[in-house]
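Scroll down for the structure; my scribbles are underneath it.
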Number of protein chains: 2
Amino acid sequence: MNALDSFRALARECNWIHTTASVLGWDQETYMPPEASAFRAEQLSWLSARAHELATSPRWLELLEGALAEIPAEQQEVRLDLQEMKRRYLLATCLPVELVARDTKTSSLAKHAWAEARKSGDFSRFLPHLSALVEINREKAELWGYEHEPYDALLSCFERGSTTARLSAEFDALRPALAEVAKSAVERSRTRHKPLPAGPYPIAAQQAFNEKVARDVGYSFTAGRIDTTTHPFCTNLGPRDVRLTTRYDENDFCSSLLGVLHEAGHGMYEQGLPADHPGMASCDSVSLGVHESQSRLWENHVGRSRAFWEKWYPVACEHFAALKGHSLDDFMTHVHEVNFTPIRVESDEATYDLHIVLRFELERGIFRRDFDLAYLPAVWDESFEKLFGFRPPNASQGCLQDIHWSMGAYGYFPTYTLGNLNASQLMQAACREPLVAQGMARAEYVPLLQWMREIIHRHGALHDPAVLIERATGEMPRAAYHLEHLRRRYVTGE
Amino acid sequence: MNALDSFRALARECNWIHTTASVLGWDQETYMPPEASAFRAEQLSWLSARAHELATSPRWLELLEGALAEIPAEQQEVRLDLQEMKRRYLLATCLPVELVARDTKTSSLAKHAWAEARKSGDFSRFLPHLSALVEINREKAELWGYEHEPYDALLSCFERGSTTARLSAEFDALRPALAEVAKSAVERSRTRHKPLPAGPYPIAAQQAFNEKVARDVGYSFTAGRIDTTTHPFCTNLGPRDVRLTTRYDENDFCSSLLGVLHEAGHGMYEQGLPADHPGMASCDSVSLGVHESQSRLWENHVGRSRAFWEKWYPVACEHFAALKGHSLDDFMTHVHEVNFTPIRVESDEATYDLHIVLRFELERGIFRRDFDLAYLPAVWDESFEKLFGFRPPNASQGCLQDIHWSMGAYGYFPTYTLGNLNASQLMQAACREPLVAQGMARAEYVPLLQWMREIIHRHGALHDPAVLIERATGEMPRAAYHLEHLRRRYVTGE
């Protein structure tokens, strides 16, 4: 075997370990009996040690370098694949073991402290942990390296190639217009909203309806399935095994269905990735921002569109007797209900990105040392008020609401809004294809999925996300399309 | 760490791998989407290579020897534990890699050939594969070693310490009496049998009923669960994670319930094993014959007893409207229906062991070279007729019916009957305890399970099965109790 084949074999082996851990993780969330959890943690920790051992081994780098040396410049995609594998190797190996151990321990303690602090609303209990994690992430940023500021290094961990400067430009363009759109949208929704009939929406009927819709939009059930969990997710257990989960609310079938469309968006991306070399970057998703573009596209652009419900609302009415006499027009005011809330995860399509802009600006400020961490609650509340026009009632509904910072994930939040921006820009480009546009109007999504497969999915992680979006849409990522989409849906039309 | 602790840590690691493979195997049979199978095979093969690597490593033997050297004779149980681990190590490592590879390849081809041969009823298509597998198993027997004849080595692979001579003595004692009991039982059942009402027995109601019964007899659902598969099984995914599966027949709730009791018998044994050192013999089941004693005990001694149904038949009637007006007496004739069939897996409690006696005698003959393998169908049919009084209609319902020989499993069949004999002998001994006997009469099984836990489960694989049975019952395994049980249930009483 040449070095390329040997390296691919090694990457495949590493992927067996990761996906095996995913099977165990999926089982843990879905069917595992409660007493099994301690032993399951041992099994998972053994697997993660093996994967780490393999992917940081000298043999790994040796074969990778060997492969890069033997592949000529003409084989550009193979070289891009190997270069991305090398970037990931360096990210994983440049941190000293001591730092990784300290990071793991600190964030494990921080998660407990955060949960306690959130419960009591007492930020001071979380502060020392937050400080420690921020310092550790500064250390990591120094080791990973950056051009302008430490936060760049953290951002590009989740969104390859993104920088504070570029994101600031995008988000700064978004901010005032977004605040305005959100305000108008909330006012308009208040005057129009008709509540969903009280139900019940039996779970078995929701399951049947969800599955019908997921199948119709193109999620493959021979390479996937849907199960039930408290926190919905999508997980990749192998190239042809991508599973979703959802939860059910007997008073609202809509939340589960839109959740399934969201996860199916993630799932169809994974199902559409190349499968010839599992474990290589060419067969892997590229970034959180692109992944989220797929989920938001199917959840929001498809699942909240009038055309979608023109086809599916009659089917919903067959499944749920409670909808009887409730018109499509009334129902659409529920699908498009918009409101301000202090809580990100309870917010809607029109206000969500404001929550992210807030977090991005605060994270940037933290890593620029713009303010002392002790003042975070005050800074949060003040910034929140500027965007939303009111203050959160307490820290639990303010700066303590999200788990991310307690896990040491800084630079993660912006990818949610990148996902929204990408989704709108991709949708706009896709609809330039007459087949896609016709399909959207008839709620037939084969052309749309085909377009995504071709223009996003099949490229795996070969290119930087921004490059991928530019190749797909003809221009660099920009906020205008998303604003236009929100305005059209929530302010002027639909 | 001393050698003992180090060795236990290594055994635990090996157990993580085995149980991880069990999770993947369970998922494969229950929920895995169809397109995932090829990649799943790769994941499983990676795990099995890692487990093999570990359990046959020089370090394994070194630590094992080290531990044996440091443990004084007084710590008898620890020594027994280590000795059994050494016996297993030697069994696994004394076969040359070439032989193991040839064995794997030959049985993989044989399984296909067997399936084809069974479909067409053409034994000659299976013959060359059978010959090759028998020869390979002779080679294995020579390498493993034996006292009197090669078949001993194969038997003791599945049932530690058992020999052809001892089994012959047991089965020879059983054979004529069993044939007589079976004949009387079949005649009696023919005159009495009232068919089960046609149903339907809705699957959801069967699931609810099965779960209620399984929980009541003592199977733990916080350390287990029941799912649906074509071929029911019980699998151990960790010390506190033992899962069952069953299948449903909408025309007969009884088959699924008795299947669940069978698997729950296996499951309660696994749930009752010590959990302090996973991967060590002391925390493992001892043999197929003891495992099967537990499944048969709960399926037959409990699940087919009149006392059991006096409690549960009224509950069944609440679950299944189809039973309305059908009396318990009538129902019991269905539970005790007995008939001759050429097919082992379709046979019943009273005739099952005849099928096993046949296979034991033929396997013994094969390894003694009593007849040429080309004559196996003729020898089968002739032996079958002597036991059953009629000949199988064709080879597919004769010597080609079972998968075992095509998998290279010789010496496996007898453990089914050992399970039945052990179950009857254990049951008899358990009922000498007044609390157990009273419980049996009231269909309350806490005392019975407690007795099994104490006398069988908690000993893991420390002792030879025959020793375990002798310690539990006061005498060496013998067939008399089983015959007595069958006679009482199927000929004279109940």
Tell me, Kirkwood radius of chain A from alpha-carbon pair distances, in Å? 24.0 Å
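Using a 10 Å cut-off on Cβ to Cβ distances, tally the other chain neighbours for every residue of B:314-325 and report the average as a whole number. Don't skip to the answer; put the middle values down first.
Numbers: counts 0, 0, 0, 0, 0, 0, 0, 0, 0, 0, 0, 0.
Average per residue, whole number: 0.
Can you sort B:K86, A:K311 so the residue with the fewest Cβ neighbours within 10 Å comes first?
Going from sparsest to densest Cβ surroundings: A:K311, B:K86.
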Taking every alpha carbon pair in the protein assembly as shown, what does the distance histogram look like in 10 angstrom bins from 0, in percent? 2, 9, 16, 20, 18, 14, 11, 7, 2, 0
Unit Cα scatterers, Debye sum, region A:1-93: log10 I(q)/I(0) for q = 0.15 Å⁻¹: -0.65
Backbone HN-Hα couplings from phi across region B:253-269 [Karplus 6.51/-1.76/1.60, Hz, Gly and Pro as x]: 5, 5, 5, 5, 4, 5, x, 5, 5, 4, 5, 5, x, 4, x, 5, 4
Neighbour-count order for B:L323, B:L244, fewest beta carbons within 10 angstrom listed first: B:L323, B:L244
Averaged over A:9-16, how many beta carbons belonging to a partner chain fall within 10 Å of each residue's beta carbon? 2
Which trypsin sites (Lys or Arg not before Pro) in region B:343-411 sit in a loop by DSSP (not H, G, I, E or B) and have at most 12 other Cβ atoms within 10 Å of their own Cβ? B:R368, B:R369
What are the extents of the Cα atoms of region B:258-383 along their three principal axes, in Å, largest first? 57, 46, 19
Compute the Cα gyration tensor for region B:287-335, then decide on rounded, prolate or oblate, letting a ≥ b ≥ c be the square roots of its eigenvalues: rounded whenever a/c is under 1.5, prolate when a/b is larger than b/c in the other cases, and oblate in all that remain. prolate
Where does the charge balance sit around A:A198 when Lys and Arg score +1, Asp and Glu -1, over other residues with C-beta under 14 Å from its C-beta? -2
Mean separation of Cα contacts under 8 Å (6+ apart) over length of region A:1-93, as relative contact order %: 39 percent
Once the other residues with Cβ under 13 Å from the Cβ of A:N422 are scored (Lys, Arg +1; Asp, Glu -1), what is the net sum? -4
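Rounded, prolate or oblate: which fits region B:443-494 when a ≥ b ≥ c are the square roots of the eigenvalues of the alpha-carbon gyration tensor, with rounded for a/c under 1.5 and prolate only if a/b beats b/c?
Details: a/c = 3.68, a/b = 1.45, b/c = 2.54.
Note, shape of region B:443-494 comes out oblate.
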Using a 10 Å cut-off around each Cβ of peptide A:238-245, what is the average number of partner chain Cβ atoms that fall inside? 5
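Report the chymotrypsin sites (Phe, Trp or Tyr not before Pro) located in region B:240-315 that are in a DSSP loop and have at most 16 other Cβ atoms inside 10 Å of their Cβ, or state none. Numbers along the way, then the final one.
Details: sites: B:Y248, B:F253, B:Y269, B:W298, B:F308, B:W309, B:W312; in loops: B:Y248.
Loop-located and lightly packed - none at all.
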Neighbour-count order for B:W144, B:W16, fewest beta carbons within 10 angstrom listed first: B:W144, B:W16
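Relative contact order for chain B using alpha-carbon pairs under 8 Å, separation at least 6, rounded to a whole percent?
Numbers: 698 pairs, mean separation 103.0, N = 494.
This gives 21 percent for chain B.
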Size of region A:328-410 as Cα extents on the principal axes (Å, biggest first): 51, 25, 20
Got the A:E70 label distances to the other copies yet, label 7 Å along Cα→Cβ, in nm, shortest first? 4.6
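The numbers here are math on the coordinates, done by the rules we state, and not lab data. Just so it is clear, the structure is predicted and the values come from calculations on it, not from any experiment. All Cβ positions, glycine included, derive from the backbone under ideal geometry; neighbour counts span all protein chains shown.
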